[in-house]
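Taken together, the values in this text are just the output of simple stated rules run on the coordinates, not laboratory data. Quick caveat: nothing in here was measured; it's all calculated off a predicted structure. All Cβ positions, glycine included, derive from the backbone under ideal geometry; neighbour counts span all protein chains shown.
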Amino acid sequence: MTKILCIGAGYVGGPTMAVIAQNCPDVQVTVVDINPDRIAAWKSDTLPIYEPGLLEVVQSSRGRNLIFSTEVDQGIADADIIFVSVNTPTKTFGRGAGCAADLQYWEKTARQILENSTSDKIVVEKSTLPVRTARAMERILHSGDGNVHFEVLSNPEFLAEGTAITDLMDPDRILIGGHETETGQAAIEKLASIYAQWVPPEKILTTNVWSSELSKLTANAFLAQRISSINSIASVCEATEANVDEVSRAIGMDSRIGAKFLRASVGFGGSCFKKDILNLVYLCETYGLDEVADYWRQVVAMNSYQGERFVNRMISAMFNTIVGKRITLFGFAFKADTGDTRESPALTVSRQLLAERADVVITDPQALVNAAKDLNEDAVTYEQDPYEAAKGAHAIAVMTEWQQYRDLDFVRIHDSMVKPAFIFDGRNLLNHKELHEIGFNVYPIGKAALTHLE
Ligand SMILES: NC(=O)c1ccc[n+]([C@@H]2O[C@H](COP(=O)([O-])OP(=O)(O)OC[C@H]3O[C@@H](n4cnc5c(N)ncnc54)[C@H](O)[C@@H]3O)[C@@H](O)[C@H]2O)c1
């Protein structure tokens, strides 16, 4: 029986391994983490992350061929294939601070693998990493007495939070990068044979290690670039009375452009886009490619600008002061169907509103615990019920595209708010015409405002 270990039981490690275990009953899958609370939650029915369909998949294999544990060393010793899915955040100190990846967790893991291995291992990079990290990994792994052979593969994860289970069950492609040596090719085949149990062979793509590492950074850079591009056009729409939805539809029907990822919004968030683009920027700078670095840095700059612009529009609309005004954020998660708040635009918007001395109220179906941790602000009110959250508010700002917000009774909400009542729809989620008819002053993204003001 093949034994797989995954180090890191986070948003990637947990769902990925649960799907492998479900599809490969003949493979033993163990997921370890240094955080005992996270492991305890994975063993319970209150999983540490919210993801539609995840609990059912975990329950189908947990205790059979899916085990969660804190025994990292033992797990390493027993495994044939080790996925490393630890976090690789942006460095906050020293050289490359604010841009380069912080690889301390990564290196610790490499050393731990070396110390606890007595048989050959395939080590799989699941985390998103700077290009050529596999080389550093190999140098550490091969610094031992040489009795154990380690083959390092790159197998980046392309799942999106909120749709992780469907993305994993039916991926666009599985990418495996390996060395062009005999052992490298054998390792690729072994890993591919696991995915082949549920993924069609034509979707399993193999490349060299560096192409695989770079493809993951490039995919995220391109996706974020599309959002920043359409958001840049949204600002032009607001200035010219063009409508960004109409522009998106018109350009998206061009088969060379395509319709996906063209929704204007308050900006992208999540733990990956910004971090991975900055990682690419740092890589470019390291190789003296300064113009290329500047090009990609602008995608991040445009995203920050979009959030600032959103708050500036709120302040101008509300008569140039929001001091003491109750402003309710509908949603705090960085996107719908997740409780993840890392790099959420709601975070920067909240901080700007607090700096303007507004009274901030936050409602979200899944992310209130994370929101309270992130903001760490006594001045903020957290309220699960959107009707309660909106009561007495001067304005609502839609920050997350939770579908349930579309079905709320906005007449009731309008009745309970201070007049004139404002809605700033940072996701273009709601029916603006209807809201305007109810009496709201409505400010979408990339479209003319619908107001009752002179
Ligand atoms: N979140 C996503 O949507 C997504 C998608 C694709 C790729 N990725 C990449 O996957 C990687 C993991 O992301 P995530 O969102 O799952 O992060 P996460 O923070 O949710 O999970 C990482 C886990 O690793 C654990 N960990 C850290 N060091 C450890 C060690 N030495 N031993 C055991 N456990 C350790 C942490 O306790 C944490 O639980 C990142 O590189 C990220 O860029 C993330």
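Could you work out [θ]222 nm for the chain from helices alone, using -39500 (n - 2.57) per DSSP H run of at least four and dividing by all its residues? Round to the nearest 500 deg cm²/dmol.
-13500 deg cm²/dmol
Report, for the chain, the % of DSSP beta bridges that are antiparallel, rounded to 5.
Details: 3 of 49 bridges.
So the antiparallel bridges in the chain amount to around 5 percent.
I need the calculated FRET efficiency for the pair residue 143 and residue 437, taking r as the beta carbon distance and R₀ as 56 Å, to the nearest 0.05.
Working: r = 70 Å, r/R0 = 1.25.
Approximately 0.20, to the nearest 0.05.
Which whole-Hz couplings ³J(HN,Hα) result when phi for each residue of the stretch 36-44 is put into the Karplus expression 6.51 cos²θ - 1.76 cosθ + 1.60, θ = phi - 60°, listed in order with x for Gly and Pro?
Going residue by residue, I get x, 5, 4, 5, 4, 5, 5, 7, 9 Hz, with x marking Gly and Pro.
Estimate the FRET efficiency between residue 372 and residue 77 by the formula 1/(1 + (r/R0)^6), using the beta-carbon distance for r and 60 Å for R0, to the nearest 0.05. Don't jump to the answer; show the numbers that get you there.
Values: r = 40 Å, r/R0 = 0.66.
Step by step, r from the Cβ atoms, then E = 0.90.
Take residue 315, project a point 7 Å from its Cα along the Cβ direction, then tell me which residues of the stretch 415-453 have their backbone nitrogen under 18 Å from it.
424
Can you put 238, 285 in order of Cβ neighbours within 10 angstrom, beginning with the fewest?
Ordered from fewest to most neighbouring Cβ atoms within 10 Å, 238, 285 come out as 285, 238.
Which one of 298, 344, 400 has its Cα pushed farthest toward the positive end of the charge dipole of the chain, where Lys and Arg give +1 and Asp and Glu give -1 at the Cβ?
Among 298, 344, 400, the one farthest towards the positive end of the dipole of the chain is 298.
Taking amide hydrogens as modeled 1.01 Å from N in the peptide plane, which residues meet the under 5 Å criterion relative to residue 329, leaving out close sequence neighbours?
Sorted by chain and number, the residues that satisfy this are 361, 362, 363, 397.
Work out, step by step, the length gained on full extension between residue 298 and residue 241: first 0.36 nm times the residue separation, then minus their alpha carbon distance; give nm to one decimal.
Values: separation 57, 0.36 × 57 = 20.52 nm, distance 2.52 nm.
Extra length available between residue 298 and residue 241 comes to 18.0 nm.
From the alpha carbon gyration tensor of the chain, can you work out the equivalent ellipsoid semi-axes (sqrt of 5 times each eigenvalue) and give them in Å, largest to smallest? Before the final figure, lay out each step's value.
Values: eigenvalues 369, 113, 80 Å².
In descending order the semi-axes read 43, 24, 20 Å.
At what distance in nm do the modelled label points of residue 107 and residue 381 sit from each other, each positioned 7 Å from its Cα along Cα→Cβ?
Simple spin-label model gives 4.9 nm for this pair.
Can you give the charge dipole size of the stretch 1-158 about its Cα centre, rounded to the nearest 20 debye, using +1 on the beta carbon of Lys and Arg and -1 on the beta carbon of Asp and Glu?
So the dipole magnitude of the stretch 1-158 works out to roughly 380 debye.
Considering only 152, 141, 76, whose Cα is most displaced toward the positive end of the charge dipole of the stretch 76-172, charges sitting on Cβ of Lys, Arg (+1) and Asp, Glu (-1)?
141
Output the peptides 313-320, 274-281, 239-246 sorted from most to least packed, where packing is the average of other Cβ atoms within 10 Å over each peptide's residues.
274-281, 313-320, 239-246
Would you work out the relative contact order for the chain, in percent, from Cα pairs under 8 angstrom that are 6 or more residues apart?
Across the chain, relative contact order equals 11 percent.
Helix 104-116 sits at what angle to the longest principal axis of the chain, using alpha carbons and giving 0 to 90 degrees rounded to 10?
Compared with the principal axis, the helix lies near 20 degrees.
With the crude spin-label approximation of a point 7 Å out along Cα→Cβ, what separation in nm comes out for residue 95 versus residue 305?
3.2
Rounded to whole Å, give me the distance from the Cα center of the stretch 260-330 to that of the stretch 131-201.
Rounded to whole Å, the Cα centres lie 32 Å apart.
Can you give me the Cα centroid spacing of the stretch 397-454 and the stretch 57-86 in angstrom?
Using only Cα atoms, the two centres lie 47 Å from each other.
Please find the FRET efficiency linking residue 189 to residue 218, where r is the Cβ-Cβ separation and R0 is fixed at 25 Å, and quote it to the nearest 0.05.
Given R0 = 25 Å and the Cβ-Cβ separation, E is 0.50.
What are the ³J(HN,Hα) couplings of the stretch 87-98, residue after residue, when phi is run through the Karplus curve with 6.51, -1.76, 1.60 and θ = phi - 60°? Round to Hz, x for glycine and proline.
Result, rounded to whole Hz: 6, 10, x, 6, 5, 10, 9, x, 5, x, 3, x.
Kindly put 51, 388 in sequence by how many other C-beta atoms sit within 10 Å of each C-beta, fewest to most.
Details: 51 24, 388 14.
Listing 51, 388 from fewest to most nearby Cβ atoms yields 388, 51.
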